[in-house]
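Presented below is the structure to which this report refers.
Just so it is clear, none of the values below were taken in a lab; they were calculated from the coordinates. Keep in mind that what you see is a predicted model, and the values were worked out from it rather than measured. Backbone-built Cβ (ideal geometry, glycine too); neighbour counts: all protein chains shown.
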Amino acid sequence: MTDADRLPMPLGEAMYSMRAIRRLKPDPIPDADLRTIIEAATQAPSGGNGQPWHYLLIRDPDQRAKLGALYHEAWWAKRRDAGIHGPDDIPESDRVTRSAMRLADEIGAAPVIVLLLATAHGAGAMGSVIPSVQNLLLAARALGVGGTITTLHADVDARVRALCEIPESMQIVYCLPLGYPRGRFGPLNRHPAASVTSLDRVGAATDWD
Ligand SMILES: Cc1cc2nc3c(=O)[nH]c(=O)nc-3n(C[C@H](O)[C@H](O)[C@H](O)COP(=O)(O)O)c2cc1C
């Protein structure tokens, strides 16, 4: 069986139900599935086919706990930059931020945390690894594994590098917890395509409904 054969879910079903999954079961992801997910990620396009990506899979419980503590600090550092200093500053109605806050408490319990690294610095390398993260999450979705894209904060960069022995030549792009969902996949809440599409000139509407 090829890696492609291991992902039989229709593309449309995966794309239209692959929402951010932040509440994860601690159950381990079989190594064969993890490998399929990463193989799919590596099928993404990149500038000049440079493939400047590296997937650091954090599975060791102690390593996950340490990274989880740094993620928690990073999450609150980002909020502090935005003038948010504690849970009371986040309205109950802001469900996305509330959910992200919970993830900051729980990320260390995800069975796998993927640090998506670029093997070089700069916007070009970062842009070239971004398509692969979508491949990764779609393949995970096809295997019933959820996760979400997150970013770290400069405050913890040096300590994450030291913890994970990430060389200075590499750039930390994303931090993705992966695991089986405690909730459900999909549906998604997105603007209609017609509202974000123009024909020939920006603002000239399509005749799509
Ligand atoms: C570039 C990028 C950065 C993101 N950063 C975070 C993050 O730091 N924490 C988090 O919980 N979710 C993060 N997300 C997930 C988004 O919040 C989520 O995809 C968005 O709210 C849409 O929700 P849905 O995918 O569940 O439909 C990020 C997504 C992207 C694409």
Taking θ = phi - 60°, what integer Hz values does the Karplus form 6.51 cos²θ - 1.76 cosθ + 1.60 yield along region 41-49, in sequence order, with x for Gly and Pro? 4, 6, 7, 5, x, 8, x, x, 6
Suppose R0 equals 22 Å; then what is the FRET efficiency for ALA158 and GLN63 from their Cβ-Cβ distance, rounded to the nearest 0.05? 0.85
Taking placed amide H atoms and a strict 5 Å upper bound, the residues 5 or more places from ILE58 or on another chain that come that close are ILE113, VAL114, LEU115
Helix-derived [θ] at 222 nm for the chain: sum -39500 (n - 2.57) over DSSP H runs of at least 4, divide by residue count, nearest 500? -12000 deg cm²/dmol
